[in-house]
């Protein structure tokens, strides 16, 4: 059985080994990779998939920093702040693909961003030629096409920028008309909504 759990610093060697198999053509050197994984586990959202005690997949996500106050447009200063996240890395061992592991990792990361950071929207970039990934994101995980970014990847390939509205944001809008009713309605309903994500086998 596959177990999805938060990554620890002790997982870095296995994450790197999995990464090399997932992205054999990557031009990123080992030292840079190790530093990236270390910083991500310390400061960002990182989950791994374990099978028989071995890491067979991982996902890395982080919150997008807010725009500095001096750079904000005065015309939109009253606009509601939007907390956004980004899926920066997703890899599944070649021998364990098409088993739903990628979807479980993504859902775990999304849930963590909602619960820990109040994330409302999440973005990701995917190669335009990776039809399997595009299908996963759109048909299974509910992402929508946002725009195309030219020559985004190392090899010069274009990327689709995809965006998803997360449950916490949807629920907050839904609950506005009910906050003067039962005092427990908002918290219980939100817990029930997020509880749908708990059906994952997360350790």
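Which ones in segment 61-98 are assigned to a loop (DSSP other than H, G, I, E, B) and modelled with pLDDT of 95 or more?
Across segment 61-98, the qualifying residue is only 93.
Return the total of residues in segment 9-22 being in contact with a helix residue (DSSP H, G or I) (Cβ under 7 Å, 6 or more places away or on another chain) and either exposed (fewer than 15 other Cβ atoms within 10 Å of the Cβ) or without any contact (Cβ under 8 Å) to a residue 24 or more places away in the chain (or both).
3
Does any residue of segment 99-111 turn out to be at pLDDT below 95, under 14 Å from the mean Cα position of the chain (by Cα), under 18 Å from residue 48 (Cα atoms) and not in a loop (DSSP other than H, G, I, E, B)?
no
Return the residues of segment 35-53 that are assigned to a helix (DSSP H, G or I) and surrounded by fewer than 20 Cβ atoms within 10 Å (Cβ to Cβ); say none if nothing qualifies.
35, 36, 38, 39, 42, 43
Condition first: closer than 18 Å to residue 166 by Cβ and in a loop (DSSP other than H, G, I, E, B). Now tell me which residues in segment 119-152 satisfy that.
Residues satisfying the conditions are 119, 120, 141, 142, 143.
Quick one: count up the residues across segment 107-136 that are surrounded by 22 or more Cβ atoms within 10 Å (Cβ to Cβ), within 22 Å of residue 26 (Cβ to Cβ) and in contact with a helix residue (DSSP H, G or I) (Cβ under 8 Å, 6 or more places away or on another chain).
Number satisfying all stated conditions: 2.
Checking the condition touching a strand residue (DSSP E or B) at 6+ places or on another chain (Cβ under 6 Å) and at pLDDT below 95, which residue from 117, 143 passes?
117
The values are calculated or read from the model by the stated rules, or taken from the named source; none is laboratory data. As the structure is a computational prediction, the values presented were derived from the model and not from experiment. Note that each Cβ is placed from the backbone with ideal geometry, even for glycine, and that neighbours are counted across all protein chains shown.
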